[in-house]
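Right, one structure below, let's go through it.
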Amino acid sequence: MNKLLFIVTGPSGAGKNTVMTHIYKRFPQIKKVVTYTTRAPRPHEREGVDYRFVGEEDFFAKVKSGEILEYEQVYNDYYYGSPSDLFSDGNIKIMEMDWKGHRTYRRVYKDIRIASFFLVPPSLEEIKKRILGRSRVDNLPSRLANALEQLEHANDYTYIIVNDCKDRALKEVEALVRAELISHQRNANLAHANKIISAYKNTCQQKENRD
């Protein structure tokens, strides 16, 4: 079966979690790729569901062994890494990553359809507001610098969505995901069409033989 990978990227506060949660609910056939992190789990997070929580020593052992394909230290703080084996438990997957991870997976998985979404906040001020609205942070300058770095690579993505209205952004993403899933079924649908043609030809041949 053909494989399909959705990637979601955007600056901090762009609405990535909201978009991915919406996709899970609307398209249960799309499975999340659970990534690694060296930070401790937050109260609402579950091991193996939100992340795989590991210590730094274990993290870099997995990098060395190839279990982690790419990784990044975020805001000069904790490490986040993505697994090399994405499709062990399904052929349609989705994951969140930054522009560097997106570039790596496009290079490594050249034969797999990657449909990537870049979420753009409406303004720099809105980025600040969304970051500070979730929690008080002491690394706001680092987060803003990272946001601008991410935005510089938006053109590398399949789709670019400006998230200035949550409902509209979710509708746009949902429509694009649905179109990708339909396209993903092209070969299966073509095989079904060819099966009908073959059945018709066999019927005609049998009729000629009887005559």
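Please determine whether any residue of the stretch 110-122 is over 23 Å from Lys25 (Cβ atoms), surrounded by 15 or more Cβ atoms within 10 Å (Cβ to Cβ), within 13 Å of the chain's Cα centre (by Cα) and of a type in the set (Phe, Trp, Tyr). Within the stretch 110-122, none of the residues are over 23 Å from Lys25 (Cβ atoms), surrounded by 15 or more Cβ atoms within 10 Å (Cβ to Cβ), within 13 Å of the chain's Cα centre (by Cα) and of a type in the set (Phe, Trp, Tyr). Restricting attention to the stretch 1-48, report how many residues are part of a strand (DSSP E or B) and among the hydroxyl-bearing types (Ser, Thr, Tyr). Of the residues in the stretch 1-48, 3 are part of a strand (DSSP E or B) and among the hydroxyl-bearing types (Ser, Thr, Tyr).
As a summary of the residue check, Asp50 satisfies the conditions (1) under 23 Å from Gln150 (Cβ atoms); (2) touching a residue at least 60 places away in the same chain (Cβ under 8 Å) except for the one numbered (2).
Yes or no, residue by residue, for (1) crowded, with 17+ Cβ neighbours inside 10 Å; (2) within 27 Å of Glu126 (Cα to Cα); (3) in the same structural domain as Asp77 (by TED's automatic domain parsing); (4) at pLDDT below 90:
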position: Gly10; (1), (2), (3), (4): yes, yes, no, no
position: Gly13; (1), (2), (3), (4): yes, yes, no, yes
position: Lys25; (1), (2), (3), (4): no, yes, no, no
position: Gly48; (1), (2), (3), (4): no, no, yes, yes
position: Arg52; (1), (2), (3), (4): yes, no, yes, no
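The values are calculated or read from the model by the stated rules, or taken from the named source; none is laboratory data. Keep in mind it's a predicted model, so treat the numbers as computed, not measured. We place every Cβ from the backbone using ideal geometry, glycine too, and count neighbours over all the protein chains shown.
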